[in-house]
Every structure is written in structure tokens, then in C-alpha cells.
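Working notes for the structure below.
The values are calculated or read from the model by the stated rules, or taken from the named source; none is laboratory data. Quick caveat: nothing in here was measured; it's all calculated off a predicted structure. Positions of Cβ are generated from backbone atoms using ideal geometry, with glycine treated the same way; all protein chains shown enter the neighbour counts. SASA here: full protein model, heavy atoms, side chains in, ligands and nucleic acids out. Shrake-Rupley method; radii C 1.70, N 1.55, O 1.52, S 1.80 Å.
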Amino acid sequence: MSSAYSLSRKEGWRRFVQTPPRTRPETLAPDALARLGGDARADYDEARHDWHANFGTIATPQLTAVRDELELIVASNRQDPDRVRGSAVIDGQPGLGKTTIANLFGRDFDRTTRHRHGPLTDAGDERIPVFRVGLTSHTTLRTLNKMICEFYGHPGAVRGSAAQLASYALDCVLTCDTRVGIIDDVHFIDQKSKDGLAVSNHLKWLANELPVTFIYAGVGLAERRFFEEGLSGPSVALAQTARRWTRLGVGPFTSGKDWLALIKAVEKQLVLARGRPGQLTCLSGYLFVRTGGHIGSLMTLVTRGCFKAIKTGGEQLSRELLDTVRIDEASERARVRLQAATGARAAS
Ligand SMILES: Nc1ncnc2c1ncn2[C@@H]1O[C@H](COP(=O)(O)OP(=O)(O)OP(=O)(O)O)[C@@H](O)[C@H]1O
Ligand SMILES: [Mg+2]
């Protein structure tokens, strides 16, 4: 089993960036599986559980569209280093893959930059092309700056006033030649509170001061008028920065060919002894009803389903098995509503 690490620390982030993709365990036929005894069987099952929970990212239309936009925003910022840079905001409902998209983009950018320019900056410091922090509830000016310092492992991160920490953060970014900053879960900023407003204005200040393209991700930002509120700040200069936020929406799937393509791609990754081609695609309608087209819920359902299929020895995914797997409350409630709406025909 792999050890735990955090993407909010440079060591964890580096590990995420540098780890090569996992390799898929071989799919054994039922009789070969039966011959595996004791520890060998336990190891094999463990490897499969691990695989089903982490088999990597699928290039969904949502992912490729947002990635292309991010590429454009970051690349054009590189050409105009002295101007105010645009920022990107990945916005959507929970569990649609916002964090996945931001991290994946960050990883590619990090790899390419270090590959092209080397592991050290011109001044000989460690090059850290991307920093990433995830906000939590009650983020204040001080905790935001502290999080950035902690990502870099700055020794001053433990103590220090908000202003001191801000200056350390600036130092880190400049010393390590960081070019992209990912700030996840910005919906935790409550712009109606004093602390929240200060954080939001500080983000704009950072975007102004740092030679960094910011990528924010958060839930339901457009509905909460996150951008509009940002425009009505006390300073015109800040308002100007806010205008440079580009919103990149991430939506759920609709039950069309994209959904089917996703299910097909997931099916290809399954390592079950009795799995047969089409075991999942023939359930695509059912899976849509269960998950409402939310990729996060789908992945949870499939991962837990595979776990059960291995544990019980059934070694395949079926409607009956998936019916016994519970997922997030939102999907379960949506399922009841959808079943009612469709006269319970599609899913009963
Ligand atoms: N393109 C993808 N391929 C494979 N799995 C994905 C993909 N996108 C998302 N997932 C899976 O869906 C789950 C939710 O994704 P993620 O955490 O990125 O969503 P989110 O929009 O950031 O959610 P939240 O709003 O809760 O932060 C994760 O477990 C992730 O592994
Ligand atoms: Mg997220």
C-alpha cells in the first residue's frame, strides 16, 4: 500500500508530479485465480483494490475542454510578463472533477517546465513551477499566507503575522520561479464576512504582485456571484484584476454518447476474473440514473462495486451487485427523484 502524502506540501506535490502512471494488474481467468493461494491471492486482490481506486484520469470532454483553456491562459500570460495576468476559475457542482482537472494541468505544467528549464533556477535555487493550496472553512488572510508558506516549507510558516507571512510567500514564489498557483476550494471564502473579503482582496493583490497565473477551483461560484462580488471591491485596481478572471465551467454528463464513452473507458480498466466486454456499458442507463451523470459518484460506485465483486468472489459487475452498493447521499436522493420522474421504469 502506498504511504500517505499531501499535495499541499512541495514534497507531496513533487511526488504526485513525478510518479509514473500505475500499471494495471494482469486479469486472471477464474481457474488461474482459484489456483492463487494464501498470500499471493491477498497480494493480488490488494493490488486490484488499489488499481480500481486509482486507475488514473480519463480524458473526458469536460477535462480536455478546460485543459485547453488553461493552456491558453497560462501560455498567453507567459508572453506578457509585465502586464496584469489573467486568472482562471474552474467552477461547477461538487464531484465533477474540478480538482482533478486543476491538478492534472498543474502536473503537466510542472513536468514540462522542469524538463525544459531544469530543476534549479538561474540563481541556483530549487525550481518549483507550481504551488498548490486547498482552502478550508474559516480561511483568513493569515491562514492563506501560511498555507502558501507551508507548501514551500518556509521555516517562518509557524509564526509570523499575516503581513510577514505574505512577504515570505512572495519570497518563496520569486525564489523558486513559480509560474502557476492553484488555489482549490475557493468557495470556502465567504465574501460577506470581513475575513472572507480580506482573503478575496488579498488573492487579487497576489495576482497583481506575483508573476504567477492563478487557477482557482470551487463549487457554485457563478451562482454565489463570486465574480460580481469581486468586482465591487473598495479599490478600482482590485476591481480591474477581478475582471480578468475567466470562468471555466465543469458540468455533469448528459446521457448521450459522451456518457457511454466514459463508461466504456471505465470498463476497460476493470480487472475482474469474470468480467466480460459490455458488463458495464450494458448498464449505462442504470449508471446514469444512479449517479446523475456525476463522474465522482460514478467512480465511487464502480470502485466500491469492484471491491464487493472481488470480496464476494462474484468477480463481475452486475446490476444486482451495484444495487447493493450505496454511494453519496446526493446521488441516492437524486436517484429516488429520477426514478419517480421516469415512472420507475428505467431503474426498477
Ligand atoms: N477525468 C476523470 N477521470 C477519472 N476519474 C475522475 C475524473 N474526474 C474526476 N474523477 C474522479 O471523481 C472524483 C471527484 O473528482 P474531483 O475531486 O476532481 O471533483 P471536484 O469537482 O473537485 O469535487 P469537489 O467539489 O467535491 O471538490 C475523484 O475521485 C476523481 O478520482
Ligand atoms: Mg475538489
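Note on residue 125 and residue 29: the model spin-label points, each 7 Å out from Cα along the C-beta direction, lie 6.1 nm apart. Would you kindly find the accessible area of residue 294, with a 1.4 Å probe and non-protein molecules such as ligands, DNA and RNA excluded, rounding to the nearest 10 Å²? Solvent-accessible area, nearest 10 Å²: 50 Å².
In order along region 299-311, the phi-based Karplus estimate (6.51 cos²θ - 1.76 cosθ + 1.60, θ = phi - 60°) of 3J(HN,Hα) comes to 5, 5, 4, 5, 4, 5, x, 5, 4, 5, 4, 6, 4 Hz; Gly and Pro are listed as x. Highest-first packing order for the peptide set 256-267, 300-311 is 300-311, 256-267, based on the mean count of other beta carbon atoms within 10 Å. The mean accessible area for residues of region 61-250, using a 1.4 Å probe and ignoring ligands and nucleic acids, is 46 Å² per residue. Here each label is just a point 7 Å from Cα along the line to Cβ, and for residue 36 and residue 318 those points are 2.2 nm apart. Taking only C-alpha pairs under 8 Å that are 6+ residues apart, what is the relative contact order of region 61-250 in percent? Relative contact order, region 61-250: 33 percent. Backbone amide hydrogens, once placed in the peptide plane, bring residue 182 within less than 5 Å of 131, 132, 133, 215, excluding anything fewer than 5 places away on its chain.
Using equal-weight Cα scatterers in the Debye expression, the normalised intensity of the chain in log10 at q = 0.08, 0.12 Å⁻¹ is -0.47, -0.95.
Note on surface exposure: 115, 52 rank 115, 52 by accessible area, highest first, 1.4 Å probe.
Most simply put, the chain has about 5% antiparallel DSSP beta bridges, counting only bridges with both residues inside it. On the beta carbon distance between residue 117 and residue 76, with R0 = 25 Å, the FRET formula returns roughly 0.85. Quick one: grab the alpha carbon gyration tensor of region 14-57, order the square roots of its eigenvalues as a ≥ b ≥ c, and give me rounded if a/c is under 1.5, else prolate or oblate depending on whether a/b is larger than b/c. In terms of gyration-tensor shape, prolate. Of the solvent-accessible surface of region 61-250, computed with a 1.4 Å probe and all protein chains present, 52% belongs to carbon and sulfur.
Over the residues of the chain, the helix contribution to mean residue ellipticity at 222 nm works out to -16000 deg cm²/dmol, using -39500 (n - 2.57) for each DSSP H run of at least 4. Here the 3J(HN,Hα) profile of region 30-44, calculated from phi with Karplus coefficients 6.51, -1.76 and 1.60 at θ = phi - 60°, is x, 6, 5, 5, 5, 6, 6, x, x, 5, 4, 5, 4, 4, 4 Hz, Gly and Pro shown as x. The value of relative contact order for the chain, using C-alpha pairs under 8 Å at least six residues apart, is 21 percent.
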